Every structure is written in C-alpha cells, then in structure tokens.
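What follows is a short report on a single structure.
Each value in this text was obtained by applying a stated rule to the coordinates, not by laboratory testing. Because the structure is a prediction, the values reported are computed rather than measured. Glycine also receives a Cβ, built like all others from the backbone with ideal geometry; neighbour counts cover every protein chain displayed.
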Amino acid sequence: MPGKLKVKIVAGRHLPVMDRASDLTDAFVEVKFGNTTFKTDVYNKSLNPQWNSEWFKFEVDDEDLQDEPLQITVLDHDTYSANDAIGKVYIDIDPLLYSEAATVISGWFPIYDTIHGIRGEINVVVKVDLFNDLNRFRQSSCGVKFFCTTSIPKCYQAVIIHGFVEELVVNEDPEYQWIDRIRTPRASNEARQRLISLMSGELQRKIGLKVLEMRGNAVVGYLQCFDLEGESGLVVRAIGTACTLDKLSSTAAFLPACNSPSKEMKEIPFNEDPNPNTHSSGPSTPLKNQTYSFSPSKSYSRQSSSSDTDLSLTPKTGMGSGSAGKEGGPFKALLRQQTQSALEQREFPFFTLTAFPPGFLVHVGGVVSARSVKLLDRIHNPDEPETRDAWWAEIRQEIKSHAKALGCHAVVGYSESTSICEEVCILSASGTAAVLNPRFLQDGTVEGCLEPRQEENLPAGCGFCHIPYDELNMPFPAHLTYCYSCRKQKVPDVLFTTIDLPTDATVIGKGCLIQARLCRLKKKAQAEANATAISNLLPFMEYEVHTQLMNKLKLKGMNALFGLRIQITVGENMLMGLASATGVYLTALPMPGGIQIAGKTPNDGSYEQHISHMQKKINDTIAKNKELYEINPPEIPEEIIGSPIPEPRQRSRLLRSQSESSDEVIELDLSHGKKDAFVLEIDDTDAMEDVHSLLTDVPPPSGFYSCNTEIMPGINNWTSEIQMFTSVRVSRLSNINLTNQTLNKNFNDLCENLLKSLYFKLRSMIPCCLCHVNFTVSLPEDELIQVTVTAVAITFDKHQAVQTTKTHVEKSLQRASTDNEELLQFPLELCTDSLASHPFSPAKEHLESASSNSGIPAAQRDRCNSWIELIKLKAQTIRRGSIKTTVSVEKASPLTEGHFRQRSAPACANSTVGVVKMTPLSFIPGAKITKYLGIINMFFIRETTSLREEGGVSGFLHAFIAEVFAMVRAHVAALGGNAVVSYIMKQCVFMENPNKNQAQCLINVSGDAVIFVRESELEIISAQQPVASCQPACSGGEIAT
Amino acid sequence: MTNELDIFVGNTTLIDEDVYRLWLDGYSVNDAVGLRVRSGILEQTGATAGVLQSDTMDHYRTFHMLERLLHTPPKLLHQLVFQIPPSRQALLIERYYAFDEAFVREVLGKKLSKGTKKDLDDISTKTGVTLKSCRRQFDNFKRVFKVVEEMRGSLAGNIQQHFLLSDRLARDYAAVVFFANNRFETGKKKLQYLTFGDLAFCAELMIQNWTPGAVDSQVDDMDVDLDKEFLQDLKELKVLVADKDLLDLHKSLVCTALRGKLSVFPEMEANFKNLSRGLVNIASKLTHTKDVRDLFVDLVEKFIEPCRSDRWPLNDVRLFLNQYSASVHSLDGFRHQALWDRYMVTLRSCLLRMYHD
C-alpha cells in the first residue's frame, strides 16, 4: 500500500438553487476513490456552503493511484426523496505522483453536470503521501513524467531519446450496453466519462511501464486518442516518445534567454576548451566507451576522433576514400547499419517529436504515410485487444518500410489517427522519414546531447535537406540540384515534412498556411463493399491532395512544407481530404519553377487567349505572393551554383545519370518533379475548376500571417499577447444532386470563410500571426460537414521585425563568407551533413576531416538506394527536398530563445492574478516556463434535451466549449500553474437531433500544465543572482546553442 | 450550403465594444449587422457580409451568456467560465447598467412594478429607445432597488458594493432608487424641463440631509426614506408665515439686505410674502405622502414659475435665497433655527439647480 491520498472539501460557491421553496440548497459532498466513499456533513440552506471538512484519507495501491480519478460529487440533501446530484468533479491525481511536478492540488473547481453544464464551484485540497518504496515504484509506473509537448520540454535536457512507445486498451462503450436502455442519460454519460478516465489512467500507467523498461523517465510527445467504434467498443490508444530527461537547474534553464546573441557569439571561443572533448565524444560511434569522454582531460583526443566521428556518424563516411559511387554501395550500407544499430534494435524507430535538439536530425527524407481501411467488429475480449494492435502494427511496419525506401532509418514527427463511419474505419499514420544522429539514442551517452551538437552541426548547416537516399535509384524522379547553401550536396526541388521547421534552418521571407481540400462522393454501401470502395478511392485522393499542395506551394513561390498533416475523413456518402501545412522558402533549395498551363487544343485561337489569360493571372499571383511573403532570394546564376563543386568531370557524369534516371521513370512521375515548367494541362472542365480554385484562395488581410507549425518562419519578435481559440462550423449541404465539383467548392468555401472570420475576429491584434492552426474535419451525418479549428493568435512587433531580419541577413552573410573561406582553403572538403568539421576548430582538423571525407559526396550522390513508389493501395509516400542551414552560432540556439530575447521588453504588460493562458504551442511568448506540473487530459460529455432553450446548436456548443476551457483552467490553477502549453482538442464529436430538441457533444482535450514567469520579471531575478550562479547559466546558454 | 452551427470561443473572451453597444441598445442581429455595414467596417477590413453576420451572432451569443452573470456583477468577477480581463469586466458592467436619459426621465419616481413594465411599450415609442433596451434598463432599476431597498449603510455605497459600478453611476442609481421609493412625481408637463441630472442632484442632497441616515448611520432604510421625525418637525416652520409680525420682520430684513443688489428688487419685494408662504407651506405639508410626491411640482409652481415669470436672473435667485435663509437667524421670536437650516440648505441648492429653462 504505497500511497495515502488525502482530500479536504473546503467550501462551495454559486451553487444552483435546488429547493424552489426556499431558493436555497442543502448541499453535501461525496468523495470517492476506487471503492471507498466519504461524505461531508450537510450544509443547510446555503448557496455558498462552508464544509471545511476533515481530511478524508484513502490508503491505496499506486496502481490505483495511476488509474483511478478522484471523484467528487456534490448533492442536495433531501429528507423525503432521493438526494439530487448537483454535479461532479473528476480530478486526475497523476501530477501528484512525480516529485518534480505539483505537490498539492488546491483550488476552485467547476462543478460539472453532463446535462446542465457547470453549476457552481467547489474548493478542494488534495495531497498524496507516497511511501518511498522504490521497488513498488517500479512496478507501477509512478514517477514517469508525461508531456504532450512534441519537443524536449523547455526546462529539461534530453540525455537519451529512447524511442517509440505505444499502447491501446479497449472496452465496451457504456452507451451501447443493454443497461443504457434503462438508465438516465446522465448516468450513461457519467459512466462513459468515468470509464474513459479509467482507461486513460490505465493506458498511461502501461506506457509508463514500457518507458521504465527502456530505462527512460519520461514520455514526450504523448498523444492519446479514443476511437468511438460504436457497437464494437471503445478504444483508447496512445503513442509517445520515451526519453531520459534531466532537469536543467532553474537558472540554467532560463538564463540563456537573457544573453544577447552577440554575447553568445563571443563566448564561443572561450568554450573551445570544454568543447573539444564533447566534440570528440559527441560524434561517438555507438560504442559505449565514448560515453566517458566528457572529462576535460580528454580534450586532446579531439583531432584523432574527428575522423572517427565522420566515420561513425555519417552514412557516407565510409566512402571517404571510395572515389566513385558504385562500390561504395555496400560499404555505405554497412556503415548505415552501424550507425543505425541503436535504432534497428527497435521494432519501430519512430519519434512523435516535431522539434529536436540541434544535431539530432541529420537528414530528412520526406513524408511517409500509410492508410488502411478496416471493418470493425465487436471486441470480444477487452483484455486482449489483439486485433487493434495488429492493425496498427501492420501500418507501422509499412511506414517503417517506406522510410527505409527513402534511405532513412527513422521516422520523426510521427502521428496516428482514425476516421470512423459506421463499421468502416480508416487508420492513418504519417511521419517524416529521417536520418538521425544516433548519439542521442544511445544508452550511456551520459554527457548529453547538448554540447556536442553545436559544433557538429556547424558545418552541416544545410545538412538536413540533403538527400539521404541515392539519386540513381530514387523512388520517384525528383529533380536534384546542388544545395544552394553549401553547393556540395544534392537537394531535391521541394521538401515535404511533418515536423516543425528546424531551428537552424534558414528561410527567406515569411511562411504561410497552405491547405489542400478535397471531397469525393462515394456510393453508400455496406461492409466489405464499402471498405473496398473506400480503399479504391484513397490513392486518388492522396494524389489529388498532393497535387493541390504542390500547386499552391508553387503559387506561393515557396519550396518546402512543414507540419504537413493530411486528414482523410470518411462519411456515409463521401470522403473528405484536408491537408494543412506551412509553406516556406528554404534557402538551400532551388527556387521553385512557375506553373504553366497547357490547353488541349492549341490551335483554337480564343481558347489560346483564354489560356494565356489564365497563365498571366497565375504569374501575377506568384509575383504578388513573393512580394507578400517577402521572398526575394538572391539571384544565383546557375554557373555559380555548380562551380564550387570539385571533380567537375565526375559531376557532369552525375548530372547526366540523374537525368537519365528521371527519363526512365517519367511515366511514373506522379510527383510533378519537373523543375521549371510545372505544367497544368487543362483538358477538361475539372482541370479548369482546379485552376480556378487555385486562384480563389485569398491571402490573409495585411498584418495577418498564419501557419500550422509552432512558430511562423520569418517572424521572431513575438510580443506577449496571445489568444487561443476554438472555432467550430457545421454546414449542411443543401442540394441533393451533389457532384464532386460542387462539393469541393462548398468545402473550399467553408474553410476559406472560416479563415476569413478568424481574421476578422482577431483584427484588433494586428499585427499578429495565427500559429498552430489545426483544422479537423468530420462528417457527423449524411449532409453535414463539421470543421473544427483550434489555433493561437500571437501578436508581434512589426518594428523590431525589420531589425531582426536585417541582423539575420548580416549573420547569414557572415556565415556565407566563412563558408567561402573554408571552401577556398580546403577545396576537397565536403559539406558533409555529418556533423564533421567545426568552423571554429583549428585548420588542422579541417584538413583531417577533409581528407577523410573527400570523395564522399560523389559517392553518396551515386549511391543508389531503394525508394518508394508513390502510389500504393492504402499507402502513400511523399516528397523530399532539402534545406540550407547556414548554422551560425546564434542561429543554432533554439529559435524560441531568440524570440524570448526580443520579446522581453513589452512582456510584462499583463499578469493579472488568476489568469490561465492556454496555447497549442510549447512555449509562451515573452516568458520562460519554469516548471512542468503534469499532463492535463480531460474528457467531457455534454448532453441536452432542451436544445432550443439553450440557444440552439450554436448556443449549446459555445457554452460547452467555454466550460471545457474553464475546467482546464481551473485544474491548471489548482495545480499551481498559470498556463497550459501544447494544448490540443483531440476530439469534438457533436451529434444533434433538432427534431427531438436534443444534442450531445464529446470533447477530449489535453496539454501540459506549467508555471511560467514573464521574461521581464525574470531579468530582475537574474540580476539579483550572485555571480556564481551565473556560471551554470552561461554554460546553459552554450548548451542551448 | 448553410451554416447550421457557427461558433468561436476564445480562451480570453473577445468583447467587441461596438457590438456590445448595439446589443445593449436592443438591436436584433440583423439590424446590428446593417448598422455595422453602414459604419463602413466592411471597407476597412475587407470582410464580407457573411463574416459580419457570423461575427455579430457570435458576440450576441456571448453577451446573452454573460447577461445572467451581469445581473449579479460580483459573480462575473468570480465565475470561471469566461476569462475576461478586469478592465473589460468593469466595462461590461458599467455599460450594462448605464441608462438612457430619455428613458430614466420617463420612469423616474414611478413604482418599479409590473404595471410600469407594461407601459414600457409606450415609453419605447415615446423615447425612441428600443423596447429591449427599455426592458433591460427597467430591470436593472428594479434589481438594484430590490437588493439595496432594505440595507443599512450608505445607499450609493451599497449599490457600488453589490453592483460594482463606478462612483458616478452608483450615485445615479441611488437617485433612481430614492425617487422610486418616495414616488416623487417627475412626469408632469411643467417638470419636463428638468433633466435627470437636476433631479439626481436634488436626490443626492435630500439623501444627505433629509433621511434618517443624515442623523444616524445605523438605522434601517437610512437612505431610502425621508426622515419621518424631520417631516413632522417641519410643521413648526409654519409660524414663519402664520405669524404676521414674523413674516413682516423677515421681509424687511431681506429687503434691507438686498436693496440695490437685485435687478428685480421691486418684483421681489412685491412677491416676498407669496414666495415665502410657498416655501414654508411646502415644508409644513410634507407629512402627507401625497404632498411628498408632489414636492417637485410644488417647488416649480410655488417658487420657480413666479420667479421665472418675473425674469429673475439666476444670480438674483441665489442672492435672494441666501438672504432669505440667513435672515431667519435674526428673527428673535423663531426657535427652530437648526430645523430651518436642515430644510433650507437642501431646498436652496435644489431650487438653484432647478432654476433654468
């Protein structure tokens, strides 16, 4: 019995009137945990009762502590009839189970009833005494920290990133049990809420156990979803990334932000001393002994190890001496194997993270995704959810093989989702194939990932966009060019990813939200036939979504997509596809070609004219967009791009071979890999529609930007005002004779209008950016489309922006010049993505690494690896490209910290007591997160039988969502927090029956409760710190870079 | 394709001041949209009418949900559902409780009952304030009245504490409550020229000086009712006009002091007895509820109108009233100096305030 849970009921306020006669209430409270229940006294005749109860003590297993929620029920005492329930509060006590989080839960909680909504508030204090029995500790998984944040949480550092953890539990849905016919809707809703709460707890505990098995202590990027499979049951599943995290000392955690960039710059040379050793260890081959190289005494090993480094770290290392490609093949494979050993032991080398410690991501291959259509059947034995497990295993296997085909050994930015309609279920998974630096994945690399990464990364600035696969054997003919940053490695013409823009990536101009929207009608069908119809439609949908994305990207004059999320939703008679991503212009990738329109009948004069008119419109739009998003890449003449590359003879050969390869597969070129002329053939009205729809997307009004990633590329001077919101629209398709076109148009209008409304509503915040715009589409009924958007609007300072971009440019100029020098000095050196050389390291080292590297790029370029074919039933891959990363030191520091700096001044504005901020982002602009208090994962059901009286569907849902926000805020405040970060509304299932005056809605939200401190306040604190404590702080700054 | 459901919920509740005003003014969503369109907002923002419609609906829905809380403003501060910055909360409350001059003049002094509520239709037509807005304002009066009616302590203070209004607005409400409680007649045609400000000014003085609270701060209803004892005592003043000697002496004192100082001296001299009788009779009749109600009518009929018909300048009225009150202290036979001051100080200020066109 390792835990004692103590609960005290203090008071209530604003209770509803339960006794009409007296206009008062005789309230008492039941406190239930597991099977034990305590009651307070009845507090007679008051709407603001003061119970001030004793401490109710529950002695419980820690397993129960993890699984069970604390259930508090407020009732109205009735002498003659049954006591009436006023409402309930469920409190997840998980945050109290690990030492670094909250120590007490204390505060006002809204009393919630599934029929009436919030009915007053109750003040509760909860504490847990855990017995310090470490063995017991291990058997449950108390102590494993959970984070929804999909990056390493701000006040921690990752020692090891272990990898993928997943689990699912199934149960019967209480709504579909026989007993539901005889019980009240309230009882049924409460049973459901409680069950899901229990299942979530169980799931979290099980995942925790897996993490402990992997010797981790935390789960980052934890995403838990539930599938309402109707008759066949209820599935709660979760995925996440197991890590071993170390808490940074609090000063170290926030001081880097206080350092001015220039300071950091200056500090670099001083850090030369400690760095060398980390450098040597950093590149560590998977060997354990590398671990210990952290001590300063080892610094001398540096030079010798630098070559090791390359050898072990970069897939291409092996080719060092191998002059030309082909023989290198097996060699390379061998090396890859070696570097991957850490990953290969794992069943699924997946990471749910979308942002990484610098140096972690070596190359990005492109988006991989897989879908599968399944028929649901009743889950007969909830204790063995094998079918569901097998389904997901199958999909993950597919993802893994796609990644392999892209020459990648890992998948990052990984996520899974489902769409269910009746008994058909589409399972989807997607991620970004990537090559990772294995150092972070090793057991025993205690020195942490932070220090080494910076140096390794420096020469590899543009590394992540360099192709990880071999160009002769590409799965589809992307057009490769030499990287526009380093000019040495090949990059694709476009790059699609599901991750956030890496902090060290350099972009030109600003980014923007790009959406592809698509509907496809399908015949109503049953079971097998339905599933087959859907699977047949899927590839076409994927293809069209992809085409749309590509067109829109080019129309914006951009060359890369980040945060790509493609959602396919299934309904009775249609499929909907919605892809959202943030387009950017990566400096490392070639300038995108325009879009050309070709007509089918070139001889028809008027038609020709029409075409040329369209063409002009498109060209104008591109030009306008370039101006709007400030995309003005320096014109680089072709010759220059090619020229610095050594071994010209070989290069030309390579180029030739490249073109050959694309010729061979030209018929399969579904990815529109042509570089300059992206031809749209207008051969029928459909195509015409497509072109029109391309041009109908209206850019946001001036002063507004939008993106679906964490932060907007090109904006980094956020001010402190944030506004998180959820907007929901349900549209009824009126006409019966629906065609794909009208459907597409309707859907497109729905989304566009929704965005316009958001811009209008938030106009007072201009200049501002909508970040993390997250669209979800569902088809609740035959002719209903529901679109739910959650995002956060953040204001930024227009004025400062100019300055920062300037400095950015300056920096990159500096950088460029450094690059050039290096090039001149060491003509043979290659810009290896392998974290090889350090610009600040002595020349000698350069020589060494250069020698070890020479010839590699050629080899790599020649390397033929497997790739994916684009369209497969139920499985789709996508594209890749590359980026230049001119990693200057300041740039290498996490972007967010850079932002904090600039934001610091106006930050202090509002710090009202009791305000709880909510944001889907992992950070709060102008503030530093000082503590993570635990995960918030809440599930609510709301039902009404008086829909009209509650203001119709809009009134009902508006009130409910406001209540959900309130309950989340109350829980965070009770934990002692003042914000929720990484907030996400994972589900919002809305059902209505206006004829019966009824509606029901289920909402599932999650996020991380945190304490943040305004940067301005922080500066005061840090100014008061003695010099001594500044020391770790500085190194913290270093680490962060 | 129609939007069946269309909502926007922010973590911080968005309040659009312009839409709030339209809502408070009682416009329907469609009228509000029309007015917003006319304000040129579409051109400014590039939005479409559909966007405006949706935005307006959304705000109206939010206000509708907030209205329940606005009925008890402290609840708005403590509730958890809507996260609203304090400055915005204050704005919401202040605007919700603000009222139209035209409307308040119609109901001032009327019983805040169902009967009056039924008359709101007419008031709406007469004042041009929408019925919805009239209802809100009327209900506000009634709500405030009910809460503070039987409370101890300062009337304005109680209102401020329970409705979190600004000082100014709380005092206005105090006047409304005071008038409603004493049912002063303010609707007569000859009183129409008086603004709410005039009447609120008088109410405030009367609350300060003529209620039980003026002498004892611990009694119930201290600020809402007139001090019964005081009204009873006022009968004693009658001697000032009933005693012919006293009246003559009073007149001569005033005339001596003012000779050469008033532009309307002859008129004053001629009218002195009438005016004095008027003022003293008003005082002595205040024991009757009916006469209390007619206080303002009487003041206008007995004092303001005669002066006005003789075209007294305001300054002359001031000089006269000062002298008229002060001279009583020199009347040796008169023993109710304190009572006289309590009555006259208030009355003098009220009359001066009310003396305009």
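Here is the link list: A:88/A:247; B:251/B:285; A:523/A:556; A:374/A:404; B:190/B:235; A:127/A:986. Which ones come out longer than 31 Å on Cα distance?
Check vs 31 Å cut-off fails for A:88/A:247; A:523/A:556.
Starting from the amide H of residue A:921, placed 1.01 Å from N in the peptide plane, find each other amide H under 5 Å away whose residue is 5 or more places distant or on another chain.
A:982, A:983
Taking 7 Å along the Cα-to-C-beta vector as the label spot, tell me the residue B:311-residue B:131 distance in nanometres, rounded to one decimal.
Placing both labels 7 Å beyond Cα along the Cβ direction yields 4.9 nm.
What are the equivalent ellipsoid semi-axes of segment A:474-604, built from the alpha-carbon gyration tensor (square roots of five times its eigenvalues), in whole angstrom, biggest first?
33, 19, 14
Could you tell me which of rounded, prolate or oblate describes segment B:228-354, using a ≥ b ≥ c as the square roots of the eigenvalues of the alpha-carbon gyration tensor, with rounded for a/c under 1.5 and, failing that, prolate when a/b is larger than b/c and oblate otherwise?
Cα axes put segment B:228-354 in the oblate bin.
If R₀ is 56 angstrom, what is the calculated FRET efficiency for the pair residue A:181 and residue B:122, using the beta carbon separation as r and rounding to 0.05?
Rounded to the nearest 0.05, the efficiency is 0.50.
Provide a whole-number value for the mean count of partner chain Cβ atoms within 10 Å of the Cβ atoms in peptide A:528-540.
Averaged over the peptide's residues, the number is 0.
Quick one: if the Förster radius is 45 Å, what FRET efficiency do residue A:781 and residue A:45 give, using the C-beta to C-beta distance and rounding to 0.05?
Step by step, r from the Cβ atoms, then E = 0.45.
With the contact rule set at Cα under 8 Å and sequence spacing of 6 or more, what percent relative contact order holds for segment B:17-77?
Worked out over segment B:17-77, it gives 36 percent.
Taking a ≥ b ≥ c as the square roots of the Cα gyration tensor eigenvalues, with a/c under 1.5 meaning rounded and otherwise prolate when a/b beats b/c, else oblate, which class fits segment B:17-77?
It is prolate, given that a/c is not under 1.5 and a/b is the larger ratio.
For peptide A:743-756, how many partner chain Cβ atoms fall within 10 Å of a residue's Cβ, on average?
For peptide A:743-756, the averaged partner shielding equals 2.
List the residues, sorted by chain then number, that are 5 or more residues from residue A:567 or on another chain and whose placed amide H is less than 5 Å from its amide H.
A:578, A:579, A:580
Under a crude label model (7 Å from the Cα following the beta-carbon direction), how far is residue B:67 from residue A:37 in nanometres?
With each label placed 7 Å out from Cα toward Cβ, I get 4.0 nm.
In peptide A:958-966, what is the residue-averaged number of other protein chain Cβ atoms found within 10 Å of each Cβ?
Taking all residues of A:958-966 together, the mean is 6.
Which of the peptides A:110-119, A:767-776 is most tightly packed, and how do the rest follow, going by the mean number of other Cβ atoms within 10 Å of each residue? Display every interim value, and only then the final one.
Details: A:110-119: 21.3, A:767-776: 23.1.
In descending order of packing, they fall as A:767-776, A:110-119.
Sorted by average packing, counted as other Cβ atoms within 10 angstrom per residue and highest first, what order do A:347-360, A:427-440, A:521-534 take?
Put in order of decreasing packing, that is A:427-440, A:347-360, A:521-534.
Quick one: which residues, 5 or more positions from residue A:484 or on another chain, have an amide H under 5 Å from its amide H? H modelled 1.01 Å from N in the peptide plane, none for Pro or chain starts.
Amide H neighbours of residue A:484: A:589.
Got a sec to turn the phi values of segment A:5-14 into Karplus ³J(HN,Hα) couplings, 6.51 cos²θ - 1.76 cosθ + 1.60 with θ = phi - 60°, whole Hz, x for Gly and Pro?
Running phi through 6.51 cos²θ - 1.76 cosθ + 1.60 with θ = phi - 60° gives 9, 10, 10, 10, 9, 8, 7, x, 8, 6 Hz.
Grab the Cα-Cα distance for residue B:44 and residue B:114, subtract it from 0.36 nm times how many residues apart they are, and report the gain in nm with one decimal.
So the chain would gain 20.7 nm between residue B:44 and residue B:114.
Show me A:150-159, B:9-18 ranked by packing, highest mean number of other Cβ atoms within 10 Å first.
Highest to lowest by the protection proxy: A:150-159, B:9-18.
Return the calculated 222 nm mean residue ellipticity for chain B, to the nearest 500 deg cm²/dmol, obtained by summing -39500 (n - 2.57) across DSSP H runs with n ≥ 4 and dividing by the residue count.
After summing the helix terms and dividing by the residues of chain B, the value is -19500 deg cm²/dmol.
Would you work out if chain B is rounded, prolate or oblate? Take a ≥ b ≥ c from the square roots of the eigenvalues of the alpha-carbon gyration tensor; rounded if a/c is under 1.5, else prolate when a/b is larger than b/c, oblate otherwise.
Prolate, because a/c is 1.5 or more and a/b exceeds b/c.
Restricting to Cα pairs below 8 Å that are 6+ residues apart, what does the relative contact order work out to for chain B? Please round to a whole percent. Before the final figure, lay out the partial values.
Numbers: 395 pairs, mean separation 52.2, N = 357.
Worked out over chain B, it gives 15 percent.
From the phi of every residue in segment A:565-570, what ³J(HN,Hα) in whole Hz does the Karplus formula 6.51 cos²θ - 1.76 cosθ + 1.60 yield, where θ is phi - 60° and glycine or proline is x?
Each residue's phi maps through the Karplus curve to give 9, 10, 10, 10, 10, 10 Hz.
For segment A:524-529, in order, what is each residue's ³J(HN,Hα) by Karplus, 6.51 cos²θ - 1.76 cosθ + 1.60 with θ = phi - 60°, in whole Hz (x at glycine and Pro)?
5, 8, 10, 5, 3, 4
Say each of residue B:288 and residue B:263 gets a label point 7 Å from the Cα, pointing the same way as Cα to Cβ; how far apart are those two points in nm?
3.8
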